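I have placed the structure first, in the form of structure tokens, so that the comments after it can refer back to it.
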């Protein structure tokens, strides 16, 4: 469950179709109570119905209850299904799924296809006792920020840093769009209302720098990923002298707020030119391609907050050299364990999650479930992205899960190259790959 969310409702039912209306009512009423609009409630309810109906056909008799919990924050609602199932085919959750009405096996998957198109994110993970947790998340709809003209921010001679009020946070988002329009900025700045709710819900924190007349001279925000890392965005400085100290003040505010927390590392994957790089280690860079084809690097930096006591990571032999070189360069203590497929039987179908940033023309792939058809599914995704003109394609591999590390040969063979290791951003560290060539 996301940090800042709470479990607001719990339902336990048998895996029988007669309970579909009960599940539908539970999901719809909870979504409405937690703030989703009518269209989002309808989509969320549809997804819940279709997933539960599908589970009724795959959860074996006597496997116990299907436990359905609903949680939410100010900007999303999440539904979790906890159940036991020997064979859960989730192929329809792939964005490339194209089912045929003439095939009985495809008809069985049609509900999952509808569910996958009705929510913004999904996730599957194994729980204790051979049970699975399937999570569906629907975001609240927000108006997109329209281009606005503002008078130039005056230079300030002194400043103070504090958490912003909602109106100030929306003004901050507009200023980021104005002063950093040619850079790579997080997509949330397109929807200031979502940024306000992300901070108001407690999952993100923000700090702004104010001049004597409450002039907004800069700002930043960050979130605790819940995995051992805090991610920082910015800092953003508006029309101020290079020696103003605003960027340093904003960074100090963030570090002071998180220094006594449990997180081990502070990571910045969206640094601005003003970002103070002292005391940070360079993790690597990816390339951002503009609409005109020009490429510009986007660096990532990290700073340890406490002593790194190390962890276990998995790697395929084909990725081993890269990882050991990065861990030696970054002085990160890791127990690196080799893993590779040994001909063992696996699930027939794999699932990839596609997270788009339409404003930047990029997409990030994350493996959700392993399967014997992984190479085919990955190829289908890359062909789709090529047809849609997606300029930058990334792949995130969690080294805390051996089965993900075993996918490395397929990822490398398709033209991806490892670009950086992000400490403690998953079950362990996460490797970011970038597709080095157009696939089609």
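The values are calculated or read from the model by the stated rules, or taken from the named source; none is laboratory data. Predicted model, so just to flag it, every value in this text is computed and none were measured. Here the Cβ positions follow ideal geometry from the backbone for every residue, glycine too, while neighbour counts run over all protein chains shown.
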* Structure fact -> By residue number, the members of the stretch 263-279 that are modelled with pLDDT under 95 and farther than 25 Å from residue 182 by Cβ are 263, 264, 278, 279
* Asked: Would you call residue 260 touching a strand residue (DSSP E or B) at 6+ places or on another chain (Cβ under 8 Å) and either modelled with pLDDT of 95 or more or outside the structural domain of residue 361 (by TED's automatic domain parsing) (or both)?
  -> no
* Asked: Quick one: which strands (runs of 3 or more DSSP E) sit completely within the stretch 126-245 and have at least 1 residues that are within 24 Å of the chain's Cα centre (by Cα) and either in the same structural domain as residue 298 (by TED's automatic domain parsing) or surrounded by fewer than 16 Cβ atoms within 10 Å (Cβ to Cβ) (or both)?
  -> 131-139, 204-210, 216-224, 229-237
* Asked: If residue 50 passes every condition in (1) out of contact with any strand residue (DSSP E or B) (no Cβ under 9 Å at 6 or more places or on another chain); (2) within 30 Å of residue 197 (Cβ to Cβ); (3) free of Cβ contacts under 8 Å to residues at least 40 places away in the same chain but one, which one does it miss?
  -> (3)
* In the stretch 10-47, the residues that are touching a strand residue (DSSP E or B) at 6+ places or on another chain (Cβ under 7 Å), part of a helix (DSSP H, G or I) and buried (at least 16 other Cβ atoms within 10 Å of the Cβ) -> 19, 23, 26, 27, 30, 31, 40, 43, 44, 47
* Provide a single number: the residues in the stretch 305-318 that are crowded, with 17+ Cβ neighbours inside 10 Å and in a strand (DSSP E or B). => 4
* Single match in 421, 430, 393, 363 (criterion: closer than 16 Å to residue 318 by Cβ, buried (at least 20 other Cβ atoms within 10 Å of the Cβ) and either in contact with a strand residue (DSSP E or B) (Cβ under 9 Å, 6 or more places away or on another chain) or modelled with pLDDT under 95 (or both)) -> 421
* Selection within the stretch 319-339 - loosely packed, with under 14 Cβ neighbours inside 10 Å and over 18 Å from residue 426 (Cα atoms) -> 321, 324, 325, 328, 329, 331, 338
* If we scan the stretch 412-425, do we find a residue that is in a strand (DSSP E or B), within 15 Å of the chain's Cα centre (by Cα) and touching a residue at least 24 places away in the same chain (Cβ under 8 Å)? -> yes
